[in-house]
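Below is one structure, written out as structure tokens; the observations come after it.
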Amino acid sequence: MNRIQTLFEKSSEKLIPFFTAGYPELESTVDLVLSAVDAGADMIEIGIPYSDPQADGPVIQRSSQKALENGITIKTIFDQVEKIRKKTDIPISLMSYYNPILKWGHDTFLDECVSIGIDGLILSDLPYEEAKPFCEFSKIKGVSPIMLVAPNTNNARIEQISKLSGDLIYVVSILGVTGNNLSSKDQLLSYLNRVRDNCISKFVVGFGIRSREDVEWFNKYSDGAVVGSAIIKKLDENKDPIKATYDFVT
């Protein structure tokens, strides 16, 4: 049983912070992640910066661009995760667009994920129709593929995506990009209940989640809440990003 499966066997509320690798400084990632772990995070998402981040809003786009300017590479990210793994056993997933993985090669990329202890891959732009070979290969290697569903995903497709993912799917709370405002609670509740009724795996919710109240609410109707843009904003606003991360996650 992998770390993601073990975590989601527990019925407790779950907070999953997102960090852009290499932001705000090239070597920030390790200390930021460990600060979030110390503050009580249950799982960590690390974003691989990419030049064409279709799913990301302006806050994460800016952080990705700055990280690329800082010189971040996938090799550096792997090195950073290896350092994190020496200090914590928390589940870690990478959030990536497909092109960087394709460029590395499925075998090479997944073997490196396994060797340094990455538990999951959130695949932001790989459509269901094209995802099966990679997802099945990833599961054979022991890395959970985490695919996305959105409010306009129909019931049959939710089920198909959850079966292909296996352990966990990522439910996008809105039709839009990261950091946008949430829909009304009534609309969200109807959507999340529909996901629950048609999903065979666990699911976490992300996009637009900003506050403790948001995290508590989403944990009532899903298996965990992802906070990304709100954390990146805290890093932007504070001279001590490590303390800001600890305080905000707490």
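Screening Asp236, Asp186, Asp167, Asp197 for residues that are in contact (Cβ under 8 Å) with a residue 60 or more places away in the chain, among the charged types (D, E, K, R) and farther than 20 Å from Asp42 by Cα leaves exactly one candidate, Asp236.
For the condition open to solvent by less than 10 Å² (accessible area, probe 1.4 Å) and out of contact with any His (no Cβ under 7 Å at 6 or more places or on another chain), Ile140 does not qualify. Candidates in the stretch 144-162 are the residues that are under 19 Å from the mean Cα position of the chain (by Cα) and of a type outside the set (Val, Ile, Thr); of these, the one that is nearest to Arg196 (Cα to Cα) is Ser162.
Inspection of the stretch 194-215 identifies no residue that is of a type in the set (D, E, K, R), part of a loop (DSSP other than H, G, I, E, B), within 18 Å of the chain's Cα centre (by Cα) and surrounded by 22 or more Cβ atoms within 10 Å (Cβ to Cβ). Scanning the stretch 109-132 for residues that are without any contact (Cβ under 8 Å) to a residue 24 or more places away in the chain and open to solvent by 60 Å² or more (accessible area, probe 1.4 Å) yields Ser115, Glu129, Glu130.
The values are calculated or read from the model by the stated rules, or taken from the named source; none is laboratory data. All values derive from a computational prediction rather than experimental measurement. Note that each Cβ is placed from the backbone with ideal geometry, even for glycine, and that neighbours are counted across all protein chains shown. Protein only, heavy atoms only, side chains kept; ligands, DNA and RNA dropped before computing areas. Shrake-Rupley method; radii C 1.70, N 1.55, O 1.52, S 1.80 Å.
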